[in-house]
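Notes to accompany the following structure.
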Number of protein chains: 2
Amino acid sequence: MGSLQNQEIFENGFSGTIKPLDPEEFRRQGHLVIDFLADYYKNVEKYPVRSQVEPGYLKKRVPGSAPYDPEPIEEILCDVKKDIIPGLTHWQSPNYFAYFPSSGSIAGFLGEMLSTGFNIVGFNWMSSPAATELESIVMDWLGKMLKLPTEFLFSGGGGGVMQGTTCEAILCTVVAARDQMLKKIGRDEINKLVVYGSDQTHSAIQKAAQIAGINPENFRAIATTKANAFGLTAQALRETIESDIESGLVPLFLCATIGTTSSTAVDPLGPLCDVAKEYGIWVHVDAAYAGSVCICPEYRHFLNGVENADSFSFNAHKWFLTTLDCCCLWVKNPSALVKALSTYPEYLRNKASETKQVVDYKDWQITLSRRFRSLKLWLVLRSYGVANLRKFLRSHVKMAKNFEGLIGMDKRFEVVVPRNFATVCFCISPIEIGGNYGQIVASEEETANYFNAKLLEAINESGKIYMTHSVIGGVYVLRFAVGASMTENRHVNFAWKVVQEHANQLLTM
Amino acid sequence: MGSLQNQEIFENGFSGTIKPLDPEEFRRQGHLVIDFLADYYKNVEKYPVRSQVEPGYLKKRVPGSAPYDPEPIEEILCDVKKDIIPGLTHWQSPNYFAYFPSSGSIAGFLGEMLSTGFNIVGFNWMSSPAATELESIVMDWLGKMLKLPTEFLFSGGGGGVMQGTTCEAILCTVVAARDQMLKKIGRDEINKLVVYGSDQTHSAIQKAAQIAGINPENFRAIATTKANAFGLTAQALRETIESDIESGLVPLFLCATIGTTSSTAVDPLGPLCDVAKEYGIWVHVDAAYAGSVCICPEYRHFLNGVENADSFSFNAHKWFLTTLDCCCLWVKNPSALVKALSTYPEYLRNKASETKQVVDYKDWQITLSRRFRSLKLWLVLRSYGVANLRKFLRSHVKMAKNFEGLIGMDKRFEVVVPRNFATVCFCISPIEIGGNYGQIVASEEETANYFNAKLLEAINESGKIYMTHSVIGGVYVLRFAVGASMTENRHVNFAWKVVQEHANQLLTM
């Protein structure tokens, strides 16, 4: 190449190789991928729901190092189909009933596209005012939909922030509570701080406490019982607190749950907050799963008592059509978060922040950089509207009720805990199983657990549907969580048939 | 409606209202948004780079609560154009030279689309084997591109994980180091632990230490000097450590930086690791910005010494065409992370995890839920290839050199610190400013700082380009960071003209 040409190439700034954001190429490849994904949704029922690959499958199919030369998108998409899709567990399949849903939607997807397309880094107001302001607005919208007390809204002196996940939300609030308390009692007392949850509380609280430097010995997973529907009782909480105080420890933080992961149990917020208040404990309400459905007036009562809590969170990425990740956290006292999480290095100083007229969300969370997450929730709320969102959530509850009804008609099965929302915990009852499976285990309950675990594995291996399990009060249960965005009632009926077929097979073996 | 129709509606599961993942509607709306974004890129130069809105602008434009009824996507996109875009600071603009780049690309965007489309939750291997396996593979690819010692790769007993941001990566490693140390010396000693960085280290380390419960008094921001190009010297580190030990404290963690945020200074890894090793300190290397360019052989020497560090991270979302967020973290000893961050509740137990043949990334990070981030980095590496990525990065360095050259030709300006990569720190020198601006401030240096701050604000208010500032060794500098994906050399030349014009205006006022 002549030097003039080299100069021209340099003027283009890319040495003539790549134009990473060429609008027309963006358009061409973008349309390709939209079609690819539309076809994926059309065909998603054809794939086994739980991936059937063996550990290490992908290493055998891909090169050991990155390519030196570029490869066309068409080839890459072929590889996605050939190598990646078989290794996916299809959370968007209508036959997905595992864990909790990860409910995608067109609106959520488009919001994420816009966010990724703009690709701004919204750490403070200045870095992209729209990102901060839309987030505050949408968090107030959602807070109103949930009828949160105004103290949780910006309009009432509190405020909301979008975090990635509940783990982050809980960690932020634990750290805020910790620093508030240590300011009062002195840093030397850090090993005396105690964090409370129940034996049904999500592991996120234990992990958050660990990360925040709370002594692992001071994490209380207070026992729940079937008699109380696996909710944490105020009495048990009080007894545990009293015992800790007697030992010279300092109660710090309670995580109460609306819709536990194992069984969607509900902790009674009112009585728990009353106890916590007496002892000056920060109460966080984790409604990661069930928060969504509380926008329906008939479910709102589950949140009664939240007015006495300090913070509240739910995951819009679970059962609210907003793609991963989007955990909505509200606090009554944002300055507690800011005091614990704020840093203000010179390179981030700016006029708007100095005026204190703006929110700088970097001080409400663990990370500095943050995506423009509010776009996707804004699109979900506007694209569907409150009325349709309620209908949609209710349709899932109705499908879960249907499944429960089907279980009720088959005497071999039992529903282990009362269904609160759209998740059903069930098993084959020990009586049905009898002694046939008793060879390698001892008690009737152990036999039943062993059998139900085998049943679940057989079902999941079939690839027809996917469920997961838990152990609640010693009982191994199959969890049937309705909530995937494409699930219709026919899928629930089909799922029940799959369960029955596998049970028939195992029971006659 | 008749009851039969109701029944049919129920069979569809949606009460006839919404089909959130209808493939054809997905296709239609998806294409709309692709075109919307392609047009945005085509027009991005027309917008003021730094948003010109006032605090509270958006509240005045949007309703106070979420709509009850659905709204069409066409209307929402109109509002994005009308209400959101004016509130954006355009990180994708070719005239964006602020902070560090947030370099988007078609490949990164498409990878994020696929990840969002599949919307899997990849906390453990089982939840979607492809997500875990592709991540491990891509992290090994990238590790090889950076010529990281094999101990950092899965193939060498270490391994890599994709976190959201450096803040998370550092927090995870601080917590791992903390727990390792407390196991040795006892939890009661937590307030004795000391964390080290320099006065140029990113605020992420201080925040991570705070969150992890390290006594804030035990965070050392060791002074750097211009004589050492604002790098942390081994001698200063040793002296600080020795002084802490004499005070009965316990040195824990050092964060060394390759490319600091203020001035892209480089800490000398070799000597620092030697000192750290003597005292049993965990060394994390933060190459958030400059890590990218170290895939070019001529820059790899900046990483020399990393073989004696414990962990290493860089942000692919900064200067590596991978959309936010994607921080790549490698550790030599994954079990230190897993010990500190692992939880294993019943509902996550599964056969694959029990066999210990698989990686469960939930134990390598703060959160449980995690997106399928590796898709976007995989697409970036394959779509562009190693050769083009190197060329692309070099083109930015070349453009920054060009800018530096332009500064050199105007005697009123000076480059404040030597340029290492594609960021230039410069100012108008105090001599030029003279006494004209001395009314409200005292010394010559303060006058100059005041003047340069005014210059920067005038430039940014023009909306033509966007730069940010820092204060280095007492000097207020304008930071010119090349790296936006659409920046060509003509934009750099234009930027210099804008700087000169505003300087002319201010100097003759």
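Some points to look at:
- Relative contact order [Cα under 8 Å, 6+ residues apart], chain A, whole percent: 21 percent
- For segment B:318-323, putting each phi into the Karplus relation 6.51 cos²θ - 1.76 cosθ + 1.60 with θ = phi - 60° gives couplings of 8, 9, 9, 6, 9, 4 Hz, in residue order, rounded to whole numbers and with x for Gly and Pro.
- With a Cα cut-off of under 24 Å and a minimum spacing of 8 residues unless on different chains, the lysine pairs in segment A:382-507 number 13.
- Cα convex hull, segment A:49-201: 276 Å³ per residue, rounded to a whole number.
- Calculated over segment B:80-129, the projected area of the Cα convex hull averaged across directions stands at 5.7 nm².
- With coordinates expressed along the principal axes, the C-alpha atoms belonging to the protein assembly as shown extend over 92, 64, 55 Å, beginning with the largest.
- Converting phi to 3J(HN,Hα) with the Karplus coefficients 6.51, -1.76 and 1.60 and the offset θ = phi - 60°, segment A:276-293 yields 4, 4, 3, 9, x, 8, 6, 10, 9, 9, 9, 10, 3, 8, 7, x, 3, 6 Hz in sequence order, with x at every glycine or proline.
- Between the amide H of residue A:222 and those of A:197, A:198, A:199, distances stay under 5 Å, these residues lying 5 or more places away or on another chain, with hydrogens modeled in the peptide plane.
- DSSP beta bridges in segment B:121-371 [antiparallel fraction, %, rounded to 5]: 40 percent
- Over all orientations, segment B:198-240 has a Cα convex hull whose mean projected area works out to 3.1 square nanometres.
- For residue B:222, neighbours were defined as the other residues whose beta-carbon sits under 13 Å from its Cβ, and their charges (Lys and Arg +1, Asp and Glu -1) total -3.
- Per-residue average of Cβ from other chains inside 10 Å of B:256-268: 1
- Number of partner chain Cβ atoms within 10 Å, mean per residue of A:479-485: 2
- Shortest first, residue A:308 label-point distances to identical copies amount to 5.9 nm, with the label point at 7 Å from Cα along Cα→Cβ.
- Treating each Cα of segment B:26-133 as an identical point scatterer and summing with the Debye formula, the log10 of I(q)/I(0) at q = 0.10, 0.14 Å⁻¹ comes to -0.45, -0.83.
- Residue mean of other protein chain beta carbons inside 10 Å, A:165-178: 3
- As a rough footprinting exposure proxy, the listed residues A:372, A:494 were ranked by other beta carbons within 10 Å of their own, and the order from fewest upward is A:494, A:372.
- Plainly put, the tip 7 Å out from Cα toward Cβ on residue A:42 is 2.7 nm from that tip on each other copy, the closest given first.
- Distance (nanometres) between label positions extended 7 Å along Cα→Cβ at residue A:225 and residue A:354: 6.3 nm
- Scattering profile of segment A:330-419 at q = 0.12, 0.23, 0.25 Å⁻¹ [log10 I(q)/I(0), Debye over alpha-carbon scatterers]: -0.69, -1.14, -1.23
- For segment B:144-151, putting each phi into the Karplus relation 6.51 cos²θ - 1.76 cosθ + 1.60 with θ = phi - 60° gives couplings of 5, 4, 8, 6, 5, x, 4, 4 Hz, in residue order, rounded to whole numbers and with x for Gly and Pro.
- When the trypsin sites (Lys or Arg not before Pro) in segment B:372-432 are filtered for DSSP coil states and for at most 16 other beta-carbon atoms within 10 Å of their beta-carbon, the remaining sites are B:411, B:412.
- Percent antiparallel among DSSP beta bridges (both partners in chain A, rounded to 5): 60 percent
- The share of Cα pairs per 5 Å bin across segment B:134-244, counted from zero up to the longest distance, runs 2, 11, 16, 16, 18, 17, 14, 6, 1, 0 percent.
- Shortest first, residue B:184 label-point distances to identical copies amount to 3.6 nm, with the label point at 7 Å from Cα along Cα→Cβ.
- Amide H contacts of residue A:283: A:254, A:310, A:311, each under 5 Å away and 5 or more positions distant or on a separate chain (H built 1.01 Å from N in the peptide plane; Pro and chain starts excluded).
- For the listed residue pairs B:184/B:332; A:332/B:318; B:147/B:376; A:59/B:362, the alpha carbons are over 24 angstrom apart in A:332/B:318.
- Residue-count net charge about residue A:87 - beta-carbon cut-off 14 Å; Lys, Arg +1, Asp, Glu -1: +1
- Axis-proximal residue of chain A for the rotation onto chain B, reported as residue and distance in whole Å: A:213, 1, based on Cβ position.
- Stokes-Einstein D in µm²/s, Kirkwood radius over Cα pairs - chain A at 20 °C with 1.002 mPa s viscosity: 85 µm²/s
- For segment B:386-507, the extents of the C-alpha atoms along the principal axes are 54, 28, 22 Å, listed from largest to smallest.
- Filtered GluC sites (Glu not before Pro), segment B:203-281: DSSP coil and at most 15 other beta carbons within 10 Å: none
- Counted charge near residue B:285, where neighbours are those whose Cβ lies closer than 10 Å (Asp, Glu -1; Lys, Arg +1): -3
- Taking only the Cα atoms of segment B:121-371, the radius of gyration and Dmax are 17.7, 58 Å.
We did not get these values from a lab; they are worked out from the coordinates using the rules stated. These numbers come from a predicted model, not from an experiment. FYI the Cβ positions are ideal-geometry reconstructions off the backbone, even for glycines, and counts take in every protein chain you see.
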